[in-house]
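Below: the structure, in structure tokens.
The numbers here are math on the coordinates, done by the rules we state, and not lab data. Just so you know, these numbers come straight off a predicted model, no measurement behind them. Virtual Cβ from ideal backbone geometry, glycine too; neighbours counted across all protein chains shown.
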């Protein structure tokens, strides 16, 4: 099931520093120039960085799609303060964006 544009827009409205790129009916989420997670089947999933795991100890781990690595489900997408803390803490732990070959 593809994610709805309305769900994506709601998540992006909650945290304005996020941007998204459509990929096969789903959305990859960027914080700055780094991938932090995505919207999959109308679920906000983030990479399980050490800080994300520490902030969301009880968060379920779910697969965004078959064959993918597990990610953390963000259940309280309405808590802007939490999202701010989450994405800022994850940023330094994420790899640098790969440069595109020309």
Just a yes or no: is a residue in region 21-41 touching a residue at least 60 places away in the same chain (Cβ under 8 Å) and loosely packed, with under 13 Cβ neighbours inside 10 Å? yes
Looking at region 60-76, which of its residues are in contact with a helix residue (DSSP H, G or I) (Cβ under 8 Å, 6 or more places away or on another chain) and crowded, with 17+ Cβ neighbours inside 10 Å? 72, 74
State all residues of region 89-102 that are touching a strand residue (DSSP E or B) at 6+ places or on another chain (Cβ under 8 Å) and either farther than 12 Å from residue 36 by Cα or surrounded by 12 or more Cβ atoms within 10 Å (Cβ to Cβ) (or both); if no residue qualifies, say none. 90, 91, 94
Could you list, in sequence order, all residues of region 58-72 that are farther than 19 Å from residue 25 by Cβ and touching a strand residue (DSSP E or B) at 6+ places or on another chain (Cβ under 7 Å)? 59, 60, 61, 70, 72
